[in-house]
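Comments concern the structure below.
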Amino acid sequence: IRAQREGECSCGGRGCIGAVASGKALIAATGAKGYRDLLTNPAIFPLWKDALRPMAATLSMAVQALSAKAVMITGEMAGISDEALGHLQALLSSALPPKRKDVRIFRSQNKDKGAREGAAIAALDEFFYHTNLLSRLSVIERMSSDFQNGI
């Protein structure tokens, strides 16, 4: 999902949420020395505030388009502090319409192995539940791209 125009993503695209809100992007934005520093150094938290804004904005688009009831953070970022998670929750709630403000963000209990959970959820949805999650995400991405390009 595109979050902004700039920033190279690990997928090869530009401006994807991974380019602005992944662990690597947050490390670059905050000047942290690595994931451990990013996740445990209290001096770095004030730098998170601006870095989490694109993540919250993109999550709000996805939540609304998919009618999601919750968001799960997986991978290395599942280790974010309670304070950072609370800030992200507040940003998301402020970006959502009044009837959707109850959407909650959770951390995967599997931490860095949680990416497998996300892949499994997408696969189950595609092959068994048929809610067209992947198709809806493609529509969101196109809408975001059109919005970013002023169309």
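Nothing in this text is a laboratory measurement; each read-out follows from the coordinates by a stated rule. Computed from a predicted structure; not experimentally measured. Positions of Cβ are generated from backbone atoms using ideal geometry, with glycine treated the same way; all protein chains shown enter the neighbour counts.
Points worth noting:
- Computed label-point distance, nm, for sites A65 and A43 using a 7 Å Cα→Cβ extension: 4.0 nm
- Put a dot 7 Å past the Cα of R104, heading toward its Cβ, do the same for S10, and the two dots end up 2.8 nm apart.
- Distant alpha-carbon pairs in segment 1-93 (separation over 14 angstrom), percent: 64 percent
- For E8, the residues whose amide H sits under 5 Å from its own are G15, ignoring neighbours fewer than 5 places away on the same chain, with H placed 1.01 Å from N.
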